[in-house]
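J.: My questions all concern the structure below.
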Amino acid sequence: MKLSKYFHYIEMNNKYIAVFNSILMQIIYVKKEKLDDIKSFKLSEDEKKTMIENGIYETTSDMEDIYNVLKTGIHKQAKIPTIMYLNVSTYCNLACKYCFIENSPLSSQKYEKMSFETAKIAIDKFLAELDKNEIVDSQIIFYGGEPLTNWNVIKDIINYIQDEKKSDITLTIITNGTLLNKEIISYLMSHHIGIGISIDGPKFINDKNRIFKSGSESVYEKAMNSIKLLNDMNSSYCVSATVTPDVVENEDEVLEWLIDNKIKNIFWNLYHYSTKDNNWEKHYNKMSDFILKSYKILKDNNIGEEKVQEQIEMFLNQTFKFHSCGAVGLNQLTIKPNGDVCICQGDSRSYKNVVGNIVSDEISDILNNPKNAQWLKMYTIDNEKCKYCPAISVCGGGCPLQAEALFGKRTALDEASCIYYKKLLEWLIKQYFYVTMEDIEERKADLE
């Protein structure tokens, strides 16, 4: 019998600690003074049995077997796209200062709009791929640029999918909100299209980074008019907010803004660096603390926070998160206006990472392009640096584009995202502890 290499512990308060196996994530709460006894095997037979059952102790190589089963399972899911980004327009009416597409050194292609004919071919091939792989949960995302600059084609695409093809596929549009109007919102509502609105907070924060190319009007005022209209029409939507340094430095004002404006749902986007920056560690620490702190405040005010909520559900279901990015493992495709295919939506304006064309090539050939090998080398479960990390089950890795910008290559470990996921794990375990504290004895968590 030995202490598992996957054994970790986290302090809950001055009395209790949580001990766990980072692969199984079955949490046991014990008194602090028990830690030395656990490490030195000075436990009763019943207690040792509990430790074995929860992977704290190992008697054989079972944990390595489980680890290898997880690896095999995720590799079987590779090259099965379940998400398709339709970049219906590479043009955007904004020039956001932090945009990881516009500001990427790889962005070089001219502005284009997708035709319905190209979209139809992409949809037919994508749906055939879903059927072949018996995929039930799938999504098509209208993306840009600003997708509403090609609104008529979007309508044709939606009608084609829902009337003639597959009515149950999830359809979502990501928009900056400046071009929404009552007619567009009514159409999206009647066709059950998910709406994501990009806005970062109060006017003094949003308009610092999110500006029109023309530089003439306030992006904030335009987007907020759309949000008010969405609220008035009782439409569901989600605000997609990038947690910039300005958001973190003004957290109280941002949260107050969300509450006062009756925002229904928020998705915090981790700020992704597109160029080398030495402030990443400081910002990721502050940003992580803000996101986790805000969850309860928003929940108490009936505002859904989708990023953390998803992680809570996975944690409670003991679901191992294999990747945070759909591009990793080739589980998504991004179709550019002319039919060219890249894997990551961040490559939408680059020639460098084109791996085929949806009009002339089959998806299987596109996925097997040798240039795609990098996306199969980014799983945390394959990375020796990640193997014994306490947060490996909740992480899934970070952003490959950010890894390239900050650490030299896309297959590098995104150390910035490591900060967030380690803090997230501790937060999840502590929240679970607070909820279950009263019935620790019933859960056999107190080993006194």
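J.: Which of (1) open to solvent by less than 30 Å² (accessible area, probe 1.4 Å); (2) touching a Leu at 6+ places or on another chain (Cβ under 6 Å) does Lys385 not meet, given it meets every other one?
T.: (1)
J.: Could you tell me how many of the residues in region 197-227 are within 21 Å of Ile303 (Cα to Cα) and aromatic (Phe, Trp, Tyr)? Lay out the reasoning, then the answer.
T.: Taking region 197-227 and keeping what is within 21 Å of Ile303 (Cα to Cα), we get 197-203, 205-206, 220, 223-227.
Of the ones still in play, those that are also aromatic (Phe, Trp, Tyr) are 220.
Residues in region 197-227 being within 21 Å of Ile303 (Cα to Cα) and aromatic (Phe, Trp, Tyr): 1 in total.
J.: Does any residue of region 149-163 turn out to be hydrophobic (A, V, I, L, M, F, W, C), in contact with a His (Cβ under 7 Å, 6 or more places away or on another chain) and farther than 18 Å from Leu330 by Cβ? Don't jump to the end; show me each part of the working.
T.: Step one: list which residues in region 149-163 are hydrophobic (A, V, I, L, M, F, W, C), which gives 151, 153-154, 157-158, 161.
Subsequent filtering for residues that are in contact with a His (Cβ under 7 Å, 6 or more places away or on another chain) retains 158.
Restricting the remaining residues to those that are farther than 18 Å from Leu330 by Cβ gives 158.
Yes, some residue in region 149-163 is hydrophobic (A, V, I, L, M, F, W, C), in contact with a His (Cβ under 7 Å, 6 or more places away or on another chain) and farther than 18 Å from Leu330 by Cβ.
J.: Here's another thing I want to ask about it. Taking the conditions exactly as written (touching a strand residue (DSSP E or B) at 6+ places or on another chain (Cβ under 7 Å), of a type outside the set (A, V, I, L, M, F, W, C) and either open to solvent by less than 20 Å² (accessible area, probe 1.4 Å) or closer than 16 Å to Leu428 by Cα (or both)), does Lys296 satisfy them or not?
T.: Values: touching a strand residue (DSSP E or B) at 6+ places or on another chain (Cβ under 7 Å): no; of a type outside the set (A, V, I, L, M, F, W, C): yes; either open to solvent by less than 20 Å² (accessible area, probe 1.4 Å) or closer than 16 Å to Leu428 by Cα (or both): yes.
When the stated conditions are applied, Lys296 does not pass them.
J.: Now a separate question. Conditions first: (1) open to solvent by 30 Å² or more (accessible area, probe 1.4 Å); (2) within 21 Å of Tyr420 (Cβ to Cβ). Asn302 passes all but one, so which condition is the exception?
T.: (2)
J.: Give region 264-311 a look and list any residue that's in contact with a Gly (Cβ under 9 Å, 6 or more places away or on another chain) and within 30 Å of Lys409 (Cα to Cα), or say none. Spell out how you get there, then give the answer.
T.: Step one: of region 264-311, the residues in contact with a Gly (Cβ under 9 Å, 6 or more places away or on another chain) are 264-267, 270, 272, 274, 298.
Scanning region 264-311 gives Phe267, Leu270, His272, Ser274.
J.: For region 322-346, name all the residues that are closer than 16 Å to Lys113 by Cα and either touching a Gly at 6+ places or on another chain (Cβ under 7 Å) or not in a strand (DSSP E or B) (or both).
T.: Lys336, Pro337, Asn338, Gly339, Val341, Gln345
J.: Determine which single condition Val359 fails, assuming it passes every other condition in (1) outside any loop (DSSP other than H, G, I, E, B); (2) under 23 Å from Asp340 (Cα atoms).
T.: (1)
J.: Residues to consider are Val136, Val153; find the one that is in a loop (DSSP other than H, G, I, E, B) and aliphatic (A, V, I, L, M).
T.: Details: Val153 fails: in a loop (DSSP other than H, G, I, E, B).
Result: Val136 is the single residue among Val136, Val153 that is in a loop (DSSP other than H, G, I, E, B) and aliphatic (A, V, I, L, M).
J.: Regarding Ser274, is this residue more than 20 Å from Leu94 (Cβ to Cβ), part of a loop (DSSP other than H, G, I, E, B), open to solvent by less than 40 Å² (accessible area, probe 1.4 Å) and of a type in the set (S, T, N, Q)? So that I can check it myself, show each step before the final result.
T.: Numbers: more than 20 Å from Leu94 (Cβ to Cβ): no; part of a loop (DSSP other than H, G, I, E, B): yes; open to solvent by less than 40 Å² (accessible area, probe 1.4 Å): yes; of a type in the set (S, T, N, Q): yes.
The answer is no for Ser274.
J.: Follow-up. Taking the residues in region 400-422 that are open to solvent by less than 20 Å² (accessible area, probe 1.4 Å) and outside any helix (DSSP H, G or I) as candidates, determine which candidate is nearest to Val328 (Cα to Cα). Step through it out loud before you land on a result.
T.: If we filter region 400-422 for residues that are open to solvent by less than 20 Å² (accessible area, probe 1.4 Å), which is where we start, we get 400, 402-403, 406, 410, 414, 416-417, 420-421.
Next cut, outside any helix (DSSP H, G or I) only: 410, 414.
Details: Arg410: 10, Asp414: 13 Å.
If we take residues in region 400-422 being open to solvent by less than 20 Å² (accessible area, probe 1.4 Å) and outside any helix (DSSP H, G or I), then Arg410 is nearest to Val328 (Cα to Cα).
J.: When you scan region 70-86, how many residues do you find that are farther than 8 Å from Gly329 by Cβ and charged (D, E, K, R)?
T.: Going through region 70-86 one residue at a time, the tally reaches 2.
J.: Another one. In this structure, does Val30 turn out to be aliphatic (A, V, I, L, M), surrounded by 13 or more Cβ atoms within 10 Å (Cβ to Cβ) and at pLDDT 95 or above? Break it down stepwise before answering.
T.: On the way: aliphatic (A, V, I, L, M): yes; surrounded by 13 or more Cβ atoms within 10 Å (Cβ to Cβ): yes; at pLDDT 95 or above: no.
Criteria not met by Val30.
J.: Return the total of residues in region 361-393 being in contact (Cβ under 8 Å) with a residue 60 or more places away in the chain and under 21 Å from the mean Cα position of the chain (by Cα).
T.: 10
J.: Which one of the conditions (1) touching a strand residue (DSSP E or B) at 6+ places or on another chain (Cβ under 7 Å); (2) within 19 Å of Pro147 (Cβ to Cβ) does Leu258 fail to meet, given that it meets all the rest?
T.: Leu258 satisfies every listed condition except (2).
J.: Which residues, taken from region 170-212, are open to solvent by less than 30 Å² (accessible area, probe 1.4 Å), in contact with a Leu (Cβ under 7 Å, 6 or more places away or on another chain) and of a type in the set (D, E, K, R)?
T.: Arg210
J.: Now for a different question. Can you give me the number of residues within region 228-251 that are under 13 Å from Leu298 (Cβ atoms) and open to solvent by 60 Å² or more (accessible area, probe 1.4 Å)?
T.: Counting residues in region 228-251 that are under 13 Å from Leu298 (Cβ atoms) and open to solvent by 60 Å² or more (accessible area, probe 1.4 Å) gives 0.
J.: For region 34-70, which positions are in contact (Cβ under 8 Å) with a residue 60 or more places away in the chain and either open to solvent by 60 Å² or more (accessible area, probe 1.4 Å) or on the phi > 0 side of the Ramachandran plot (or both)?
T.: none
The values are calculated or read from the model by the stated rules, or taken from the named source; none is laboratory data. Computed from a predicted model, the values in this text were never measured in an experiment. Neighbour counts run over all protein chains shown; Cβ positions are idealised from the backbone, glycine included. Heads up: the accessible areas ignore ligands, DNA and RNA and are worked out on the full protein's heavy atoms, side chains in. Shrake-Rupley method; radii C 1.70, N 1.55, O 1.52, S 1.80 Å.
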